[in-house]
1. Just for region 82-109: of the residues that are touching a residue at least 40 places away in the same chain (Cβ under 8 Å) and not in a helix (DSSP H, G or I), which one is nearest to G67 (Cα to Cα)?
2. Assuming R81 fulfils every condition listed in (1) under 24 Å from I183 (Cα atoms); (2) crowded, with 16+ Cβ neighbours inside 10 Å; (3) not hydroxyl-bearing (S, T, Y) apart from one, which condition is it?
3. Can you spot a residue in region 104-113 that is in contact with a strand residue (DSSP E or B) (Cβ under 6 Å, 6 or more places away or on another chain), of a type in the set (S, T, Y), modelled with pLDDT of 95 or more and buried (at least 21 other Cβ atoms within 10 Å of the Cβ)?
4. Looking at S95, S89, S105, can you tell me which residue is farther than 24 Å from E147 by Cα and polar (S, T, N, Q)?
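The values are calculated or read from the model by the stated rules, or taken from the named source; none is laboratory data. What you are looking at is a predicted structure, and each value in this text was computed from that prediction instead of being measured. FYI the Cβ positions are ideal-geometry reconstructions off the backbone, even for glycines, and counts take in every protein chain you see.
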Amino acid sequence: MFDQIKNKSVIKAGFFLFMLSVVFTILGVSGALARGIDDDLLRIALKVFPRTVAVDLDIAGKLTPDGKVRLVLFYQVKHERAEAAVQKSKADYKSIAGYPVEILSTDKLTQDIPTAIMLMENLDDVVFKQLLDYCTTHGIILFSPFEKDVRRGGTAGISIETRIKPYFNKATLERSGITINEIVLRSSRMEE
């Protein structure tokens, strides 16, 4: 009988230590997730962004004068993050929809209108509004990995649910005059 009580105590103590290690692991992982969630979203978005640009049916009218798709990775503060993403994207995307690609990062709007812009960080409201106005005026996609940006008017982004799919703002698409492939729109999440 003493052996059975002793075994139950060992099992309970082992279970307690196991659960304690699980809790500490979860706390450590959740802290790392909180720190790295923007990086994870950006990695996913950098794969989805060129594919989103490729389904813009008016892409041919948004090329540079020398016939390239110009993708701009826009940052407000995090220049190094944007430059690292440019280098990775240059290696991953040589062409989009059959057109050669030019990728650059910037924190300023210019007269050289890009084919599309992707946000590299959360922007303050004033900068976001300026960028949104610029994109809608020129009929170009403003893509953001941050779901709140599509809700506040960004053209497209990603929606992470049980599966990852494109996320579009219908009003901004219409206001910008951007036409997206209907098959893609049907399989996307739409912000009304």
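1. Applying the first criterion (touching a residue at least 40 places away in the same chain (Cβ under 8 Å)) to region 82-109 yields 85, 88-89, 92-93, 96-97, 99, 101.
Narrowing further to those that are not in a helix (DSSP H, G or I): 93, 96-97, 99, 101.
Numbers: Y93: 16, I96: 12, A97: 12, Y99: 7, V101: 9 Å.
Once the filter is applied, the top-ranked residue is Y99.
2. Checking R81 against (1) under 24 Å from I183 (Cα atoms); (2) crowded, with 16+ Cβ neighbours inside 10 Å; (3) not hydroxyl-bearing (S, T, Y), the one that fails is (1).
3. Within region 104-113, none of the residues are in contact with a strand residue (DSSP E or B) (Cβ under 6 Å, 6 or more places away or on another chain), of a type in the set (S, T, Y), modelled with pLDDT of 95 or more and buried (at least 21 other Cβ atoms within 10 Å of the Cβ).
4. Values: S89 fails: farther than 24 Å from E147 by Cα; S105 fails: farther than 24 Å from E147 by Cα.
Of S95, S89, S105, the one residue that is farther than 24 Å from E147 by Cα and polar (S, T, N, Q) is S95.
Table: residues versus (1) within 16 Å of the chain's Cα centre (by Cα); (2) crowded, with 17+ Cβ neighbours inside 10 Å; (3) aromatic (F, W, Y).
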{"site": "D125", "(1), (2), (3)": "no, no, no"}
{"site": "T136", "(1), (2), (3)": "no, yes, no"}
{"site": "T155", "(1), (2), (3)": "yes, yes, no"}
{"site": "R163", "(1), (2), (3)": "yes, no, no"}
{"site": "T172", "(1), (2), (3)": "no, yes, no"}
{"site": "I180", "(1), (2), (3)": "no, yes, no"}
{"site": "L185", "(1), (2), (3)": "no, no, no"}
{"site": "M190", "(1), (2), (3)": "yes, no, no"}
